[in-house]
1. Given SER92, SER72, SER35, which one is in a helix (DSSP H, G or I), within 19 Å of ILE146 (Cα to Cα), open to solvent by less than 10 Å² (accessible area, probe 1.4 Å) and of a type in the set (Ser, Thr, Tyr)?
2. Need pairs with beta-carbon distance below 6 Å; first residue on the phi < 0 side of the Ramachandran plot and within region 32-46, second among the hydroxyl-bearing types (Ser, Thr, Tyr) and open to solvent by less than 40 Å² (accessible area, probe 1.4 Å); sequence gap 6+ or separate chains.
3. List pairs: first in region 122-134 and modelled with pLDDT under 95, second outside any strand (DSSP E or B) and crowded, with 23+ Cβ neighbours inside 10 Å, Cβ under 6 Å, 6+ apart or cross-chain?
4. Looking at MET106 and the list (1) in a loop (DSSP other than H, G, I, E, B); (2) open to solvent by less than 60 Å² (accessible area, probe 1.4 Å), which single condition is not satisfied?
5. Listed residues GLY167, GLY144, GLY184; which is modelled with pLDDT under 90 and either in a helix (DSSP H, G or I) or within 30 Å of ILE111 (Cα to Cα) (or both)?
6. Out of the residues in region 118-135 that are over 14 Å from VAL45 (Cβ atoms) and open to solvent by 10 Å² or more (accessible area, probe 1.4 Å), which is farthest from the chain's Cα centre (by Cα)?
Amino acid sequence: NFTSGWGAHATYSIFDWKGAILLPEEVNLQEAALSPLAAVAFLGVKMSEVKRGNLVCVIGQGIVGQMAAQLSRLRGAKVIACDPIDQRVELSSAYSADRAINPGSMNLKDIVTKEKSEGADIIIDTSGNTKLIDDLLDILCPKGKICLQACYPDVSINPEVLKTHFGDLYSKHPKQPRSICPSGWEYEDHKEIIQLLLKRKIRISPLISHYINSDNAPETYRLMLE
C-alpha cells in the first residue's frame, strides 16, 4: 500500500492509485522527478493567497523554497529569498527571486523594511528551523501571513521547543499574524505543476546540482550531511 507507507524503504511497490499522473512526452523527466516538491510549494503559495503587489519573503532556497519563490513571482508578487548557502543564493537570483541574500553577509530585516517599511506581507519558511520563527514574525507586516512550509521535527519530538524558540509571542499580538500550515501536496496542484513545466513557466533543471548513481550512495549521504 503506497499511500500508507509511502514506499520509501521498498525495493519496489505495487499499488492501485487513481491519482497517478500520466506525463506528457515533452516533459523533462528530471524535472518531473522533482515536480511533487514543486507541488508542495504550490499548495503553500495557494493557501497563503499570494497576489500581485505582495512582498513575499522566502526563507530557505532548497527545491521547495526555490519553487515557492518562482510560483509567488508568477502571481505577481515581489520576492526576497534568503539562504546561508552561496550557491543557492546565486541560483535563486538567476531563476527564482527578485532578490536573494545570504543572511551571513546581509541583514534580512534591513532588506525587507527598505522594500516595505511595515514588513513582508507573506513569509514562507522552508528551513524547518524553529529558532528563526520569532525573528521572522518581527519582519512580518501587521495582519501578515507566515506559511510554515517545512518539516519541524524538533517540535514533534519536544513540544516545549515552541516555548523556547517562538520567543515572546505576546509582543507580536498587535500584529495579528496569520499562520498557514500546508501539509504535502494535492493531486490537482501536481497536474498544474506539470503544465507549468510544459509551458516553461517554472524552471527546475538549472537548480539540479548533482546526478547520482545509487552505487555512490555512501558518498552522497556524506555530501548531504556535510
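1. None of the others qualify; the one that does is SER72.
2. Taking only residues 6 or more apart or on different chains, the pairs are VAL45/SER72.
3. Correct list of pairs: SER127/GLY60.
4. Of (1) in a loop (DSSP other than H, G, I, E, B); (2) open to solvent by less than 60 Å² (accessible area, probe 1.4 Å), only one is false for MET106: (2).
5. GLY167
6. Step by step, filter region 118-135, then rank; the result is GLU118.
The values are calculated or read from the model by the stated rules, or taken from the named source; none is laboratory data. Nothing here was measured: the structure is a model prediction, and the numbers come from that model. Cβ: placed from backbone, ideal geometry, glycine included. Neighbour counts: every protein chain shown. Just so you know, the surface numbers come from the protein's heavy atoms only, side chains and all, with ligands and any DNA or RNA stripped out. Shrake-Rupley method; radii C 1.70, N 1.55, O 1.52, S 1.80 Å.
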